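For reference, the structure is listed below as structure tokens.
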Amino acid sequence: MMTLPGRRLMPRALLLLALAAFRRQSLALSSVHDVHGGSTGCRFTERMFADGHGPWGLGGRATVAVRADVRALHDSEVSSSTALSVHRLRDYFDFAVAVASFTAGSADVDERTLCARNFSAPSSDADAFYGEFHALDADSELHVNTTFHPATSGLQVVLLVPCWKQKSESFGYPVSTTEFVTYPMVDPLLHVDATISFRNPYGFLPALLFGLFPFNAIGMQYFLLVVLLLATGESASWFFTYKMLNTTGQKVCCPFPVMVIVSTIVKITAGMVARVATTLICLGYGIVRPSLSWPEVFVVSGLGLCYFVAVGSLEISQIVNRSDGDARPPAVWEFLVVVTNLCFGGWIFTSLALTRKNLAAFGQTAKLRMYACLSHVLSAYVLISFLLMATEGAVYSGSIMMDWQHIWLIWAANRLLMFSILVVVTILWRPRATSLLYAQMDQVPSQELDTPRSNAFGIELTRRIESAADSPIAASAKPSAEAHGRDAL
């Protein structure tokens, strides 16, 4: 019997241990995996949606792709002069690489006997399994490029397995001579440069994390993002509009330049969305309760539409007047805008007061602090806004003498004030680790709470009950809070 220099014996216990250790498995918190360097095989898994059957009816292709360049390690790349390598063993063994992508539980796959599988034979589970088998030459590089479209949602598995087979029984090694088997040793045989990607119908985000994608931030934070984008778009559009008018000498009206119309629409929309967002926050949406009633949605939408029409008419009229050298706005449209703002303001502060009262009665101290801070900010905003409005009115009426060259300071102050309030509200309602907890759960009071000034700041979170904002606050508020605490326990 011929001997192999540096050959290692393979007890059966070591076979089983190494067989379990040779695979590198990644449980998908990313969808694109890279492998570079020496390897004894790779195994990657990820839960995916089926091809063309994404969540909530989303279509698109689901793809498991393997792009790999595989070659045998050179003798100089192995760990020692006695370590196993393809070059040292090629006189005694044939080597190959099996690559398989399949849906666990749907395909009839035994990973331990993957190397012995007949990949070219027709299979009844073709929709759940795709594999390729490539002979490996010691002196050449193997290029693997496979694509698998899973027909069934579930755990998708990718295997890249080195295989070997003894050339002759006369060599006496405990390795099959009739079929390829999995190479079980710890010493790496292959150098692998591979990229394995799992793409769902909607993109690369793992299916286990998809549910967190649209809900990781509460709806109110998306609303605030829209407000910020609109405010930024308004500033940018007016800057380029003024630059265009300054450079070209184009008249402001009439007809109105396209940039003037676009900038005006963005400005009106930003103001409307900001007021609607503030109203929703004060109604408790996203923090105190997860949804609004239809009457509230109807009234908020109606007020927003009235504001859009009134401010739109006022802005157009002001542009016409300013182009003629008159800084004063039309009184009728100015009055309608003031009335609309008063309606928004009245509803905002009434809702804010009720929300704070409810939170205090039900012991929601963490949320109460947020709304108390918001109340102070809005009060300061209204006070400063009123002073600016009064100053502007006094200037227009002639009660305060102000050089026309400085009137723009009042307009700029209004914009700066709006920007400041957006920044503050955005900071208060920024996405945090507790955002979803605040939105979906209620605080269990650590002691009986009757007033907003309680010192009980401990937070214990439990699944949401019926929102406090949806219940009238009466003399029974205290027993209700106690019942809530008992239910949570």
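All of the numbers you see were taken from the coordinates with simple rules; none came from a lab. Every value quoted in this text rests on a predicted model; they were computed, and no experiment measured them. Here Cβ is always computed from backbone atoms with ideal geometry, including for glycine, and neighbour counts include all displayed protein chains.
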If the only charges are +1 at each Lys and Arg Cβ and -1 at each Asp and Glu Cβ, what is the size of the charge dipole of segment 12-204 around the Cα centre, to the nearest 20 debye? 400 debye
Provide the gained length on full extension for the span A151 to H74, in nm with one decimal, where the gain is 0.36 nm per separating residue minus the Cα-Cα distance. 23.7 nm
What residues have an amide H closer than 5 Å to that of K167, excluding those fewer than 5 places away on the same chain, when H is modeled at 1.01 Å from N in the peptide plane? F93, D94
Tell me the relative contact order for segment 12-204 as a rounded percent, counting alpha carbon contacts under 8 Å between residues six or more apart. 41 percent
Taking the dipole about the Cα centre of segment 12-204, with the C-beta of Lys and Arg at +1 and of Asp and Glu at -1, give me whichever of Y130, Y202, P55 is farthest to the positive side. P55
Between rounded, prolate and oblate, where does segment 12-204 land on the alpha carbon gyration tensor, with a ≥ b ≥ c its root eigenvalues, rounded for a/c under 1.5, else prolate if a/b exceeds b/c? prolate
Set the Förster distance to 30 Å, then compute FRET efficiency between A380 and V299 from the Cβ-Cβ distance, nearest 0.05. 0.70
